[in-house]
Amino acid sequence: MIVPPFGGTSCSPFFQPMGFVLSRPAFLLPVLVATLAGAPSMTLAGAQLPASVSAGHEGRAGDARAAKGKDEGGALTTARAVRARVAPVIDGHDDDPAWQVAPPIDDFKQFTPVEDGDPSFRTEVRVVYDDRNLFVVIRAFDPHPDSIVSLLSRRDVRTNSDQLKVIIDGYMDRRTGIQLMLNPAGVKRDASIYSDYVEDMSWDGVWDGAAAIDSLGWVAEFRIPFSQLRFNGGAPTFGFGVWRDIARRNERAAWPAFRQSRQALASQLGTLEGIRGIQRGSRLELLPYAVTKNVTEPGEEGWRHPQKLTAGVDLKYGVTPNLTLDATVNPDFGQVEVDPALLNLTAFEVRFEERRPFFQEGVGLFKCGGPCEGVFYTRRIGRTPQLRSSSLDPSGTTILGAAKLTGRLRNGVAVGLVEAVTRREEGVSGETVEPETNYFVGRLVKEMREGRTQLGTMVTAVNRNLDDHAAGSLRRDAYNLLLQGVHRFGRDRWELMAYTGLNRVSGSERAIALTQLNSVHFYQRPDHEERFDSTRTSLGGNVVAASISKVGGAVRWNTYLRRATPGLELNDLGFVPTVNDVSVRNEASWQALRPGAFYRRSFNLVSTENHWTTGGLPSGTRVTAHSSFELLNSWGVALTYNINNLGTAHCVSCARGGPAVRQGPAQELGFSVTGDPRNVLVPRVSVLGGVGDGGRSHTGAITAGGELRVASRFSAAAELSYQARDDDQQWIGNYGALLSDTTHYTFAHLDQSTVGITARLNWTASPTLSFQLYAQPFVSTGTFRNWREVADPRAGRYEDRYRPYGGQANPDGFSYKQFNSNAVVRWEYRPGSTLFLVWQQGRLQSDANRGAFDFSRDYRDLFRAHPDNTLLVKVAYWVNP
């Protein structure tokens, strides 16, 4: 694994949603993803590291201050809003009479590249309000307006532009908030904040903004309806902050001062006072939509192209001033980008990113830095049918409806509820491939000491309406309970975290037998701590974990411990592939708070991780060292070294239910280079090499690409990745009577080549009209040799662990080819209302020319496969009666 440059702090594995327990080295796990492009939907606000520029003052000096409180550095942190007799016109100019009566806020401090440094240019903020809206104007002085970077993009797409950001904590709880952003081209971005410092970029509010460049610099105006904020009473005090980015200098400044040495965002905001007698506006928002689409469907007599028409509605309703209901009926997510192509040869499920808006927005309360994400994996709702056995069967489950209730009770307890129902799906055989299912999630959080101490609980329930066919394979119900707590102390520089959870699943004897035998549990493993029981009708387990961390300052560290029992099964609504596991993780990191002799910013990390089964069998170790730098010319470089399985280690999953197999040390080294993001062309190159199994297994990979912006309206990105890999311990199959001593657990040497290309094109006509194209062809081929079976799985010598199998025969090879693409025209024809025109194409081919890799031939085979086309038009209209 190559740690990306400037990745900030590494998350502890909490519930380990990706499951590190595999003792095979990460570079040998054949989960081959063809793209490394794409930005995460969540970022840590404290993860951006300092950089270097010269600092000085330019622009007018302020003569009036709007602030009065002081932060730890003595800076003023309390601002005042005044009521406007006439609301300002939102046109990107600061000449409205309303702005002249508002006192300015101008005591900004730089936080990148220098923490608490003086900004290069002056920034001035004024705030007014009327009964229904909060208005903010920001004057960004710049002596060279022609050098201001102003790039167009679609909404919520970040470019390397100048930017102004308004941050509001409506509850004033120092834990949550929203962020509204504008660049000089008028491109809008927004995000929500939860857990003090975690930003959720999926949140979309309905607000208005405009920006313009003039002779003094540039101006951004914001109109924020109070209906988009959550707050207490008619005379609220808000947490408030403003950030400014100067792209050509790679400089960032904030009011009040923001300190990256603290792992905090909302709790570093200032205070906005003076608001009185306001109204929230209508508590009801409706977003009805209609969709017409032409799809490609396989039939018994060939391909057909039926036209489908559907409709639905999204709803947002303020049940009380502090509780909001979000609901959707018959949702359609046809405009959402498809998942990346991959080939998974491991024993474990792959976790995909959530891209559906309803399940992205407003779910911050259901996230708590690891354990909550393990219990509630939203992709389970609307999943691929679990009993799907034919390409003619439905590829997804229809969501009939879903609802979220979030907010706060009068006693300050945050509450969140999610309820969803999915339809029964029937396959071409007439049998159920996914039963009608009800999903429920409940979350309560009590915060104390201004959010520095938190106690929370989460419960989840899944209930399936099973017929006789489905009852033989699927669990009938699943219930989970989680208790978690976080306590910060020592001026927010230290943190204690702990959680515990338990679960119970039930179903028919056959369904629970299949659960015991699946890749999460492998109860059939001969040396497992638990015994397989074919008469069970339920299964349960528990998990407990704790950590202590230093989360403030340039030097940070974390120690984390976790124990999960063998019967823990959270995958009906969660994602936890790693159970029967005891783990200890230690991590130390250092980030530069000021520029050095050759770098603008730097992040460095050393970590160790050790795993055992609950019976004490060593099941994996890893040591990681990582360094990344942004150089003085704004190029980025990163170097990562991993060594796995030092000492005695065993792979408990490699034989897929067979005995734990001893592993030898494996090493990998990765290096990456990224160009200056301010340039027209930004190149990216990464290389990876590794060796394991005593020199019998190797991997080499290279990814090369970049981003190109030839005009303000047009940008493109492309990456080509190639991996050559030979793995001497690739599992092939288990043969013989299950749960007997005659089973043959077989492996072979795999020679594999993988090529993937990822391309994106973006054209923006205006901040509200854009076109985006995404295309990804992917080919992976492999051949097998030296077919063997396990002989003495714990032998000290590698040669003694296996013996020949299958005579002189070798398993058949494979050639997996996939193509995914999306083309989307998005037009926001009025605030909150959008029209989408979408074309999707997919191709899949896996039965031609198996084995040997031939780039041109394999790509010809891919594009000769029959295309799966979808043409879709979706219209949504926002109503706020």
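The values are calculated or read from the model by the stated rules, or taken from the named source; none is laboratory data. Just so we're clear, the structure is a prediction, and the values are computed from it rather than from any experiment. Cβ atoms come from the backbone with ideal geometry, glycine included; neighbour counts cover every protein chain shown. Each accessible area value is taken on the protein alone, full model and side chains, heavy atoms only, with ligands, DNA and RNA left out. Shrake-Rupley method; radii C 1.70, N 1.55, O 1.52, S 1.80 Å.
Considering region 619-713, the qualifying strands (runs of 3 or more DSSP E), each wholly inside and each with 3 or more residues that are more than 28 Å from residue 754 (Cα to Cα), run over 697-711. Within region 532-539, is there a residue that is open to solvent by less than 40 Å² (accessible area, probe 1.4 Å) and either under 32 Å from the mean Cα position of the chain (by Cα) or within 30 Å of residue 593 (Cα to Cα) (or both)? So far as region 532-539 goes, yes, one or more of its residues are open to solvent by less than 40 Å² (accessible area, probe 1.4 Å) and either under 32 Å from the mean Cα position of the chain (by Cα) or within 30 Å of residue 593 (Cα to Cα) (or both). Among residues of region 810-821 that are more than 18 Å from residue 345 (Cα to Cα), those with a beta-carbon under 6 Å from a residue that is among the charged types (D, E, K, R) at least six positions away or on a different chain give the pairs 819/843.
Have a look at 713, 709, 684, 678 and point out the one that is without any contact (Cβ under 8 Å) to a residue 60 or more places away in the chain and farther than 30 Å from residue 519 by Cβ. Quick ask: steps written out before the conclusion?
Working: 713 fails: without any contact (Cβ under 8 Å) to a residue 60 or more places away in the chain; 709 fails: without any contact (Cβ under 8 Å) to a residue 60 or more places away in the chain; 678 fails: without any contact (Cβ under 8 Å) to a residue 60 or more places away in the chain.
Criteria check complete, one pass: 684.
From the list 830, 843, 860, 826, the lone residue that is open to solvent by 50 Å² or more (accessible area, probe 1.4 Å) and closer than 25 Å to residue 760 by Cβ is 860. Checked against (1) assigned to a strand (DSSP E or B); (2) surrounded by fewer than 20 Cβ atoms within 10 Å (Cβ to Cβ), residue 730 meets all criteria but (2). Would region 394-413 turn up any residue that is under 23 Å from residue 451 (Cβ atoms), among the hydrophobic types (A, V, I, L, M, F, W, C), open to solvent by 40 Å² or more (accessible area, probe 1.4 Å) and assigned by the TED database to the domain that holds residue 448? Looking through region 394-413, at least one residue is under 23 Å from residue 451 (Cβ atoms), among the hydrophobic types (A, V, I, L, M, F, W, C), open to solvent by 40 Å² or more (accessible area, probe 1.4 Å) and assigned by the TED database to the domain that holds residue 448.
Within region 610-645, being open to solvent by 10 Å² or more (accessible area, probe 1.4 Å) and under 23 Å from residue 790 (Cβ atoms) holds for 612, 614, 615, 616, 617, 618, 621. For residue 742, the conditions (1) under 24 Å from residue 810 (Cα atoms); (2) hydroxyl-bearing (Ser, Thr, Tyr); (3) surrounded by 15 or more Cβ atoms within 10 Å (Cβ to Cβ) all hold with the exception of (3).
Can you pull out the residues in region 444-492 that are out of contact with any strand residue (DSSP E or B) (no Cβ under 6 Å at 6 or more places or on another chain), under 25 Å from residue 177 (Cα atoms) and open to solvent by less than 60 Å² (accessible area, probe 1.4 Å)? Passing the criteria: 451, 490, 492.
Filter region 273-314 down to residues that are part of a strand (DSSP E or B) and among the basic types (Lys, Arg) and give me whichever is nearest to the chain's Cα centre (by Cα).
It comes out as 293.
Close contacts from region 466-478, counting a first residue that is in contact (Cβ under 8 Å) with a residue 24 or more places away in the chain and polar (S, T, N, Q) and a second that is open to solvent by 50 Å² or more (accessible area, probe 1.4 Å) and part of a helix (DSSP H, G or I), with Cβ to Cβ under 9 Å and a gap of 6+ residues or different chains, come to 473/510; 473/514.
Quick one: which of 373, 361 is open to solvent by 30 Å² or more (accessible area, probe 1.4 Å), over 26 Å from residue 464 (Cβ atoms) and under 15 Å from the mean Cα position of the chain (by Cα)?
Testing whether each residue is open to solvent by 30 Å² or more (accessible area, probe 1.4 Å), over 26 Å from residue 464 (Cβ atoms) and under 15 Å from the mean Cα position of the chain (by Cα) leaves just 361.
In a residue-by-residue description of region 406-413, the property of being among the hydrophobic types (A, V, I, L, M, F, W, C) and outside any strand (DSSP E or B) applies to at least one position. Can you name the residue in region 414-443 that is free of Cβ contacts under 8 Å to residues at least 40 places away in the same chain, touching a strand residue (DSSP E or B) at 6+ places or on another chain (Cβ under 6 Å) and assigned to a loop (DSSP other than H, G, I, E, B) and, of all such residues, is most open to solvent (accessible area, probe 1.4 Å)? Among those residues, the one meeting the criterion is 423.
Scanning region 690-723 for residues that are under 25 Å from residue 656 (Cβ atoms) and surrounded by 15 or more Cβ atoms within 10 Å (Cβ to Cβ) yields 690, 691, 692, 693, 696, 697, 698, 699, 723. Identify all residues within region 219-250 that are aromatic (Phe, Trp, Tyr) and crowded, with 23+ Cβ neighbours inside 10 Å; write none if there are none. Answer for region 219-250, where residues must be aromatic (Phe, Trp, Tyr) and crowded, with 23+ Cβ neighbours inside 10 Å: 222, 238, 240.
One residue stands out among those in region 493-515 that are free of Cβ contacts under 8 Å to residues at least 40 places away in the same chain and touching a strand residue (DSSP E or B) at 6+ places or on another chain (Cβ under 7 Å): the one that is most open to solvent (accessible area, probe 1.4 Å), which is 504.
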